[in-house]
1. Run the numbers for residue 38 and residue 102: contour at 0.36 nm per residue of separation, minus the present Cα-Cα distance, in nm.
2. Arranged from highest to lowest average of other beta-carbon atoms within 10 Å per residue, in what order do the peptides 92-101, 55-64 appear?
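Readers should treat all values here as calculations from the given coordinates under stated rules, not as data from a laboratory. As the structure is a computational prediction, the values presented were derived from the model and not from experiment. Neighbour counts are summed over all protein chains in view; Cβ atoms, including those assigned to glycine, are modelled from backbone coordinates with ideal geometry.
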C-alpha cells in the first residue's frame, strides 16, 4: 500500500495531518470561596490559562492574569474579585491545541 492509502485507512487524510484546533471552553466557578477554572479538554502542558474581568455588566473586558496551564487553575479568594464579572480561556501549547480557545461562561458579579 502507498502512503496515501495508509493515511486514508487510518481515518486521516494525508493533507490534514497535524491540524490542531483551539482548546475547548474551560469551566469557571466559585468553589469553597475560591475562583477555580477547570479544563474541559486534553492535557495541554506548556499552554496557558487566562482570566479577564470587567467592572460593570456593560463594560469592556480587561486582562487580569495568566498562569501556566493546569487541569485546575486556582485564581485565589473570591473576595479579591468582589463586584467584578469574570471569564477565562485557555491557549494551546502548539502540540495538543493551537491558538486561543473559547471563553468560559461569565460569572458575576462576584
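1. Numbers: separation 64, 0.36 × 64 = 23.04 nm, distance 1.33 nm.
Once the chain is fully extended between residue 38 and residue 102, it gains 21.7 nm.
2. Values: 92-101: 16.9, 55-64: 10.8.
The densest-packed peptide leads the list: 92-101, 55-64.
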